[in-house]
Amino acid sequence: MNLLEFNDNPRLRRAIAQIENPKKIKVLFVCLGNICRSPAAEGLMRQSVIENGSEGRWEIDSAGTGNYHIGQLPDPRMRAHARRRGLELDHHCRQVSESDFDDFDLIIAMDSSNYANLRRIAPTPEAQEKILQMAEFFDSVTPCDHVPDPYYDGADGFELVLDLLTAATRNLRDTVEANSLA
Ligand code: 4NP
């Protein structure tokens, strides 16, 4: 992610310009099950703002478009891979709801299917403008255009998700902090 890419992305600029209170930026990560990708994004985002000393500026949560695992901790495989990187994932699964569009400034989908589902749930056109894709924050050289669902994959799938999300959450943090007035 660089300045040129930011300037070339009007949807991203609009979403950041609409953040209600830049002193408290509220971001929600969304995937299908809310037990693999989005809780990992939530944990890595929290870790990245702590690294930066800007945790006071952020409110971070995650949710799923599906309702299969409500109340559960993240998938044990995701927890194990995250723990190897010093990250404890203790989010309890919940389903995304219409009220999330009132409660959050940015709603970030892991893939295009999550994105399409969120666009359907969004109650207003303004709410739709809060929805972005995680891939918009990937490093320029990343050979992926979404965060692949690791649920039916082996260990490599979980490691790839963590690698993609580590870079993307840092880029999200830096882009939003640099372009919203604190
Ligand atoms: P996630 O992965 O969307 O990254 O949490 C999945 C978890 C569970 C299911 C699908 C994807 N499932 O079908 O139960």
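Here are a few things to note about the model shown:
- Qualifying positions in region 9-37 - away from the ligand (no atom under 16 Å from the Cβ) and assigned to a helix (DSSP H, G or I): PRO10, ARG11, LEU12, ARG13, ARG14, ALA15, ILE16, ALA17
- Pair list, Cβ < 8 Å and 6+ apart or interchain, from region 65-81 residues that are of a type outside the set (Gly, Ala, Ser) and more than 10 Å from the ligand (Cβ to nearest atom) to residues that are at pLDDT 95 or above and in a helix (DSSP H, G or I): LEU73/ARG79; ARG77/ALA155; ARG77/PHE158; HIS81/ALA155; HIS81/PHE158; HIS81/GLU159; HIS81/LEU162
- In region 38-57, residue nearest to the ligand (Cβ to nearest atom) [restricted to those that are surrounded by 13 or more Cβ atoms within 10 Å (Cβ to Cβ) and farther than 25 Å from GLY157 by Cβ]: VAL49
- Condition check for LEU165: touching a residue at least 24 places away in the same chain (Cβ under 8 Å), under 28 Å from GLU5 (Cα atoms) and touching a Ser or Thr at 6+ places or on another chain (Cβ under 9 Å): no
- If the condition is being away from the ligand (no atom under 14 Å from the Cβ), touching a residue at least 24 places away in the same chain (Cβ under 8 Å) and open to solvent by 30 Å² or more (accessible area, probe 1.4 Å), then region 136-158 contributes GLU136, ASP139, SER140, THR142, ALA155.
- Residue check for ASP163: farther than 26 Å from TRP58 by Cα and within 16 Å of the ligand (Cβ to nearest atom): no
- Filtered residue count, region 102-125, keeping only those that are among the aliphatic types (A, V, I, L, M) and surrounded by 21 or more Cβ atoms within 10 Å (Cβ to Cβ): 5
- Positions within region 84-102 being in contact with a strand residue (DSSP E or B) (Cβ under 9 Å, 6 or more places away or on another chain) and either under 14 Å from ALA41 (Cβ atoms) or in contact (Cβ under 8 Å) with a residue 40 or more places away in the chain (or both), in sequence order: HIS91, CYS93, ARG94, GLN95, VAL96, ASP100
The values are calculated or read from the model by the stated rules, or taken from the named source; none is laboratory data. None of the values given here were measured: they were computed from a predicted structure. Every residue, glycine among them, receives a Cβ derived from its backbone with ideal geometry; neighbour counts consider all protein chains shown. Just the protein is used for accessible areas: all its heavy atoms, side chains included, with ligands, DNA and RNA removed. Shrake-Rupley method; radii C 1.70, N 1.55, O 1.52, S 1.80 Å.
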